[in-house]
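Have a look at the structure below before the remarks.
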């Protein structure tokens, strides 16, 4: 009978996840919001028929697999790619948010440790929701997209020290044996835990990758999957015995396997299973959230959500500005980091399981995190419009604010030499840098426009003509002498400013030829109508190149290949 109850509950959870996930997708909200909302409704109307303990066990496996796959993706090479700016910027943001939380939350009657816990939990943002939104907008390759992705990756890594530190500090503060002996006992237990941790990692690094490579040599995907899940849950169990959380053990298991040659294959096998169990986890969390609690405490929950959103926005944006980036980059990165994410839920569950926080603080974490996701992800989808509206309002109504923008954006310097019939390259990223190299080798004069100040300084040292600024601003285009240019190339991936840039360029120079990079097919007709002469869609061009080489392999004549490629271009609307 109990097996039937478990199956019934699992079907109910998955059906709820599907229905409310589909609703969230239709409303352009993250699926996570749909899962949590569905769980809330499930808990409200089916509470007496629902068997929660069994679902909690399944949900904890989901958390373990989630952190296991995060560990699999971890690499020191990836950290080096992010650079010191992202690493130290994200660390300072997490520390500042936590410290300010210690001072702010006691004003609402919350004790010191709970304030520390809330500050740490709320300092983390939603990696899954933000990256999905940036990907849908086609902005993952932009400067602010890459910075946000790196920042979120580092935040995910900071979850692990928090999993160790928060319970340790909680045990120390909530224990009766405070003082010198309490501190000594605390230090001893922490030292023993870390020694055990490093021994396990060392042994794992020496033995486990070798074992998994041998398993992979057997040529069975099923055996690799079974071995990986077993290894993940084994480490989760061992670390729980050592006094750490099981989620931390799963993450360490992932890190150990990340050095094996088969870790990409393991990730591909684990991911569907992880997603399924994680869905159960988030629906189960929604089941715990009480609508009655939100109704009774809505002033507190709404106030805390607003404070967290503004606090994280100002800290993140200020750090990006201090690190030398454009106000546009700072504001867009700030908006992307305002939500509270999935690891906050994991830490909240850790806190309640270890009795570090009471039920009320647990409910506050769930409710505030849920509310920030509902507010912030839709804002992220229109973040470009928000930036330009903020800037327009400040420049029109607040003179001090205008000076602020000019100070951080550093008005572009006039080019010393007059140019004519040159090329203006907007964006010196993955595409723009190769265009510029080709222009240099062909001795065709060009000017680069980019709002990555660090990149601009590097190009200036190389003797490249470069203008620092946002290409959507007409003054910046004037400094690039667009009026005398023969061609302008929009080589960056920011689709939301392309219309403004094109309109400004054609206002200055109606006879200029425009070449534009485009990622979405729905943008092609619109940009053609605005006057763009040549549209390049990187994914489509890659497909054409592959088709060309493929047909050559089958000895198709070159004139036939060119005809077929031309037909494909016409079908695609690029000719």
Do we have any residue at all in the stretch 88-110 that's modelled with pLDDT of 70 or more, more than 30 Å from residue 208 (Cβ to Cβ) and not in a helix (DSSP H, G or I)? yes
Would you say residue 312 is modelled with pLDDT of 75 or more, more than 23 Å from residue 122 (Cβ to Cβ) and crowded, with 24+ Cβ neighbours inside 10 Å? no
Please tell me if residue 530 is surrounded by 17 or more Cβ atoms within 10 Å (Cβ to Cβ) and within 28 Å of residue 142 (Cβ to Cβ). no
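Being modelled with pLDDT of 70 or more and part of a helix (DSSP H, G or I) narrows it down to one of 79, 70, 36, so name that one. Before the answer, list the steps.
Details: 79 fails: modelled with pLDDT of 70 or more; 70 fails: modelled with pLDDT of 70 or more.
One residue alone meets the criteria, 36.
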When the stretch 446-490 is examined, which residues are found to be within 18 Å of residue 511 (Cα to Cα) and part of a loop (DSSP other than H, G, I, E, B)? 480, 481, 485, 486
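Residue under question is residue 176, and the condition is that it be at pLDDT below 80, part of a loop (DSSP other than H, G, I, E, B) and crowded, with 22+ Cβ neighbours inside 10 Å; does it hold? If you could, list the steps in order and put the result at the bottom.
Values: at pLDDT below 80: yes; part of a loop (DSSP other than H, G, I, E, B): yes; crowded, with 22+ Cβ neighbours inside 10 Å: no.
So residue 176 fails the test.
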Tell me which residues, restricted to the stretch 292-306, are modelled with pLDDT under 90 and surrounded by 13 or more Cβ atoms within 10 Å (Cβ to Cβ). 293, 294, 297
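Among the residues in the stretch 130-153, are any closer than 18 Å to residue 370 by Cβ, in a helix (DSSP H, G or I) and at pLDDT below 80? Break it down stepwise before answering.
If we filter the stretch 130-153 for residues that are closer than 18 Å to residue 370 by Cβ, which is where we start, we get 130, 132-133.
Still in the running and in a helix (DSSP H, G or I): 130, 132-133.
Among the residues that remain, those that are also at pLDDT below 80 are: 132-133.
Yes, there is a match, as at least one residue in the stretch 130-153 is closer than 18 Å to residue 370 by Cβ, in a helix (DSSP H, G or I) and at pLDDT below 80.
Applying the selection to the stretch 457-468, what residues are surrounded by fewer than 23 Cβ atoms within 10 Å (Cβ to Cβ) and either over 13 Å from residue 436 (Cβ atoms) or under 25 Å from the mean Cα position of the chain (by Cα) (or both)?
Those that are surrounded by fewer than 23 Cβ atoms within 10 Å (Cβ to Cβ) and either over 13 Å from residue 436 (Cβ atoms) or under 25 Å from the mean Cα position of the chain (by Cα) (or both): 457, 460, 461.
Restricting attention to the stretch 509-524, does a residue exist that is touching a strand residue (DSSP E or B) at 6+ places or on another chain (Cβ under 9 Å) and at positive phi? Give the steps one after another, and end with the answer.
Initial filter on the stretch 509-524 (touching a strand residue (DSSP E or B) at 6+ places or on another chain (Cβ under 9 Å)): 509, 512-518, 523-524.
Filter once more, so that each one left must be at positive phi: none.
Checking the stretch 509-524: not a single residue is touching a strand residue (DSSP E or B) at 6+ places or on another chain (Cβ under 9 Å) and at positive phi.
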Can you name the residue in the stretch 102-133 that is closer than 19 Å to residue 342 by Cα and free of Cβ contacts under 8 Å to residues at least 60 places away in the same chain and, of all such residues, is surrounded by the most Cβ atoms within 10 Å (Cβ to Cβ)? 119
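Given the residues 340, 320, which is the only one that is crowded, with 24+ Cβ neighbours inside 10 Å and either closer than 26 Å to residue 457 by Cβ or modelled with pLDDT under 85 (or both)? Talk me through it step by step, then tell me what you get.
Numbers: 340 fails: either closer than 26 Å to residue 457 by Cβ or modelled with pLDDT under 85 (or both).
Exactly one residue qualifies, and that residue is 320.
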With the requirement that a residue be under 24 Å from residue 103 (Cα atoms) and either part of a loop (DSSP other than H, G, I, E, B) or touching a strand residue (DSSP E or B) at 6+ places or on another chain (Cβ under 8 Å) (or both), what does the stretch 301-353 give you? 337, 338, 339, 340, 341
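The values are calculated or read from the model by the stated rules, or taken from the named source; none is laboratory data. Treat the numbers as computed from the prediction; the structure is a model and nothing was measured. Because the Cβ atoms are built from the backbone with ideal geometry, glycine has one as well, and the counts that use them run over all protein chains shown.
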